[in-house]
1. Would you list B:HIS473, B:HIS305 from fewest to most Cβ contacts within 10 Å?
2. What are the equivalent ellipsoid semi-axes of the protein assembly as shown, built from the alpha-carbon gyration tensor (square roots of five times its eigenvalues), in whole angstrom, biggest first?
3. Report, ordered by chain and residue number, the lysines lying within cross-link reach of B:LYS476, taken as a straight Cα distance under 20 Å and ignoring same-chain residues fewer than 8 apart.
4. Hey, any idea what Rg/Rh is for the stretch A:223-354, computing Rh the Kirkwood way over Cα pairs?
5. In which sequence would B:GLU566, B:GLU301, B:GLU113 go, from the one with the fewest C-beta neighbours within 10 Å to the one with the most?
6. Using a Förster radius of 35 Å, what is the FRET efficiency between B:TRP425 and B:LYS542 based on their Cβ-Cβ separation? Nearest 0.05, please.
7. Taking other Cβ within 10 Å of each residue's Cβ, how do B:MET456, B:MET251 sort, fewest first?
8. Place the peptides B:131-142, B:61-72 in order of packing, highest mean first, counting for every residue the other Cβ atoms within 10 Å and averaging per peptide.
Amino acid sequence: MQIYKGQIDRYLLITTIALSLWGLFHLYTISDGGFFYYFKRQIIWVSSGIFLLLLFYLLPNSIWPKFAYFIYALTAVFLMVVVVKGEVIYGAKRWLEIGFFNFQPSELAKIALILSLSKVLSNQEQIKWKTVFSSFGLTVFFFFLIAIQPDLGTGLIIFSVWLILLFISGIHLKKFFILIGAIVASFPIFYNFLRPYQKMRILTYFNLHRDPLGAGWSSLQSKIAIGSGELFGRGIGGAAHTKLRYLPQPLTDFIFSSIGEEWGFIGVALIITAYLVIIIRGISIALREGNSFTGLFAAGFVSLIAVQAFVNMGMACGIIPVTGVPLPFISYGGSSTLIFLSATGVLFALNKGR
Amino acid sequence: MSIKYRLIGKTNLKYERRLKIIGGFLFFAFLIILIRVGWLQIVQGEKFLQLSQTSRLRLIPLPNPRGLITDEKGRIIADNTASFSVAVVPENIVHREDALFKLKEVLPKINIEACKEKIKKAPNPFRPVVLQEKVNLSKVVYLLEREQEFPFVVILAQPVRNYPQGALLGNVVGYLGEADKKELKSLSFLRVEAGDLVGKTGIEKMYNSYLQGEKGGKQIEVDVYGRVSRIISQKPPQPGDTLCLSINLDMQRIAREEMGGRKGVVLIGNPYTGDILAIVSLPSFDPNLFARGISKEKWSELSSHPGDPLENRAIRGEYPPGSTFKIVVAAAALEEGKIKPSSTFFCSGAYKVGNRFFKCWKEQGHGKLDLEEAIVHSCDVYFYQLGLKTGVKDIIRYSRLFGLGRPTGVDFPSEKKGFLPTPSWKKQTFKEPWYPGDTANLSIGQGYILVTPIQMLDLISAVANGGYLVRPHLVKKIVDVNGNVIFNSLPIRDKISVSNSTIDFLHKALEKVVEKGTGWRAKNKIVKIAGKTGTVEIAGNKNPHNWFIGYAPADNPLISIVVLVENREEDISIAPQIAGKILSRIFAREEVANL
């Protein structure tokens, strides 16, 4: 099917909504493990998210490049408020309480940063050091605000998205590798600033079974949940390991593991296929739009989805340390669901053309 | 397609290439995930499924009560009570430094450091860890009443064997212990698993398969906190069968009291049915010590005690019968026609056999006496001559007929069978011929011959009941949990080929033993007793053993009795006196009429 400018990308639309609805249905199937409350709330998030998707699609798309920095500034304010007085949940301040909704500004920060980076890096024939540093400044400011919450996972994800966008926008490879080298060199310094539990998580990754009740517990239980799904899964509603709470955070961080247990390899393959569809469709928009604001936003957004999904799934199956980032479109959570669906709406809007 | 691209030239181509590179990277990253998940789910899925199940599913054994043991009237000899353990849930105690100190105020015996170590090593922080076993009930109640103060405490209950009669029947009922390797393999311990308690001695061992019952169990699924989420399958525990013993606790108690602090045996039986009504073996032990977990010191004290309190000497003790054996010699001589009851021998106080003098217990001699007088006064010289006339062969043959030299078949583990010497045995063992002196010794129940008290009960019962050898038994009936009688002991008896005239003669003679002979101390106003005494000289400087075997009433026997006092401390013949006291107390009770 040939997609013309102005036409909504149906594959992308169907895939994102299907993933959201599947996530909702999955939540329902495990809700008799005491999660029914979360299922009901997630109905609200998914339906509001789809509403926002349509709303942003219909809004004039010129507002996004125009207000990119404004949105960035607003998000920065939110992030700073969180640092000063946020809800402490699981030992981290990540939430702002707004009525019955605990808003997580770090989710907004991802999109706000991509909008700003798209503006800084778009339509550049040559990426100069000046551009590199201004994009770095935007990124590292958010990175620190998020990392001190502490939410290292999200921080690292936005860092990766920045590098990807820099690479795509045509930075000279020499500059790129100097940059990478500088970042790698700063790792040991950075490691010293990590919280003990973050160091622990990184360390236990290398020796998972050493401390099954401590930091390695989540990882081990997650692997057990996924593995016990086998090829066809334990059947709808049959995810015993998840329902009996052996799997920690089964709705957010480890939802992939509960899907693995319930739906088996078939279900996992379907999810991965869905993400690949999103990547392919996003990149094809980016290819068509060139290194314009729209093109870079498309590339940045699907990179964000892909990197975050990779990190979430990777930690669920034990190939990267446990960081605690949601699985895009699927994990329970207001902020994440709303932001990802809205941003999809923004992508569709930008893709309309002027 | 490329027409649609907005930018032209080199930049655009580079952009396009780099986008594709990123796309390729991301595709590759997802491929890694897919491979990894495939590895976990398809290659290792079975292992992880098993891991999931072992963490979720548990087999909880449901302990079953062991069968009861009662006396013939249904009074409890062994039942079950609960033993309580105090445990804590590690997860609930982690943030409470004071918890263990608070608990120590109630249970001063716990060691805080050791408890901390135990809690630290717990495999699952949500499962209770036992800190003290066998906590007494008042402390359990105290802790339960103050649940709010001790939210971290869990009380666990376990059934424990209880013997309300204590040492009264210790070496009869026996005790329990963990099944050993041999027992686990044996067929009579079917369904027994490692760690289960089984009868180690006595009735508990003999009837273990009935008493054991069957453990129940349930397979449950628990959540990560150890809460039961569902019961997958369940098998109710099957209580053991109830054993109704033939023992009468009143008689048992009377017999025990009359023995006082002496070492020895009292056996009381029904001469017609083989019911053992009382079986006292002293010293004894309290089987409750074992049920509640015996300490090392207590165990070594019991097992190395010179009096062997763990043994039941009524069934497993072997002694020379002494003069009580004269009953057998007399019967053999009469039956084989060697003498008539009126035949006389002369006792001068000693009798020369070969070149050796065999003494009578009465040094000045009994003079001339017939068989009845010889029994009444227990004349040794008469029986030396009678025995020599009868011959060792016939004496041994009649001993066998009366049940000596072989197990009686009583329902008790590892019964001893005593020993009957023969000339061929002597030749084999000592490379010596059987001398007439050996026969003389045998004739008064001394020398090589050994009997068990239960054999003597069988022997005297056969005399009392008119010549029937009855198999003695301790268990009268077995009743299953639904009240169905699954076993009822029927008397098993064999007629001994001894004529009625011989039996009648023995009745008369034994009656006179108590009336005016060596058994006079058994005489009492309540019941007429018949019987025979025996005194067994022991090599070395030890006091003699003292026997009395008899029955009452003499003219219509209802009860037979064996009393054996080991190394009597009194100078008098104490066994008939004890028998007399026991029987008079028993016959003073109305219930005897119902026997």
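Values quoted throughout were computed directly from the atomic coordinates according to the rules given, and no laboratory measurement underlies them. This one's a predicted model, so the numbers in the text were calculated from it and none came from an experiment. Cβ atoms come from the backbone with ideal geometry, glycine included; neighbour counts cover every protein chain shown.
1. Ranking B:HIS473, B:HIS305 by Cβ neighbours within 10 Å, fewest first, gives B:HIS305, B:HIS473.
2. 101, 24, 23
3. Those lysines meeting the cut-off are B:LYS73, B:LYS205.
4. Details: Rg = 16.3 Å, Rh = 15.6 Å.
Answer for the stretch A:223-354: 1.05.
5. B:GLU113, B:GLU301, B:GLU566
6. The value I calculate is 0.85.
7. On the way: B:MET456 33, B:MET251 26.
Ranked by crowding around the Cβ, least crowded first: B:MET251, B:MET456.
8. B:61-72, B:131-142
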